[in-house]
Amino acid sequence: MEKLMTAKDAVREAIVSAKADKAMSWEEIANHVGCSPVFLTSACLGENSLTDDQASAVTSLLGIDSAHIPALTSCPTKGQRIHELANDPLVYRFQEITAVYGETLKELIHEKAGDGIMSAIDFTMDVEKIEDPKGDRIQVTMNGKFLPYRRW
């Protein structure tokens, strides 16, 4: 397990470095690979896995060693950096949103769909910048399949 995490860390560093050197955006890389920028970014940061073709496209585009492909295609251990990210001001805002609106979201989702949860597996997310004369805004859209709790 330790070797796999080390490989994930190494490919993450290689990708972030090559992305900066080439002055590319995550969206440009995702368009080249043919997937969502949110999903591509999460896979490159070690939270999801890519197909062989997607991993090959990433390494080729960024000019990094193809020896990194197995790390990009292997099943990750998700959420390993949660404590490292917990105090980041941007990430913390999402914790704050959940603290303030979590119970409200739960009530409204249950009211609309019943007793269940929103999947984070059958899930998509988009992030958009919205131009506004009073100050640009960020729109985060999450779309998860509703999974009703089974009664038995």
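The values are calculated or read from the model by the stated rules, or taken from the named source; none is laboratory data. Please read all numbers here as calculations on a predicted model, not as lab measurements. Note that we place each Cβ from the backbone using ideal geometry, even for glycine, and neighbour counts take in every protein chain shown.
The C-beta contact set for region 90-119 (first residue closer than 12 Å to F146 by Cα, second residue at pLDDT 95 or above and part of a helix (DSSP H, G or I), distance under 9 angstrom, 6+ apart or interchain) comprises G116/I109; G116/H110; I117/I109; M118/L105; M118/I109. V91 meets all of the listed conditions (1) outside the structural domain of G34 (by TED's automatic domain parsing); (2) under 28 Å from N31 (Cα atoms); (3) at pLDDT 95 or above but one, namely (3).
Candidates S42, S60: the one that is out of contact with any Asp or Glu (no Cβ under 8 Å at 6 or more places or on another chain), modelled with pLDDT of 95 or more and over 23 Å from F123 (Cα atoms) is S60.
Taken across region 125-138, residues that are surrounded by 10 or more Cβ atoms within 10 Å (Cβ to Cβ), within 16 Å of the chain's Cα centre (by Cα) and in a helix (DSSP H, G or I) do not occur at all.
The requirement of being part of a helix (DSSP H, G or I) and among the hydroxyl-bearing types (S, T, Y) is fulfilled somewhere in region 92-99, by at least one residue.
Residues are listed down the side, and each one gets a yes or a no for (1) under 16 Å from the mean Cα position of the chain (by Cα); (2) closer than 26 Å to D53 by Cβ; (3) among the aliphatic types (A, V, I, L, M):
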site: R81; (1), (2), (3): yes, no, no
site: F94; (1), (2), (3): yes, no, no
site: A120; (1), (2), (3): yes, yes, yes
site: K145; (1), (2), (3): no, yes, no
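Looking across R81, R93, one residue alone is among the charged types (D, E, K, R), surrounded by 13 or more Cβ atoms within 10 Å (Cβ to Cβ) and under 25 Å from A120 (Cβ atoms). It is R81.
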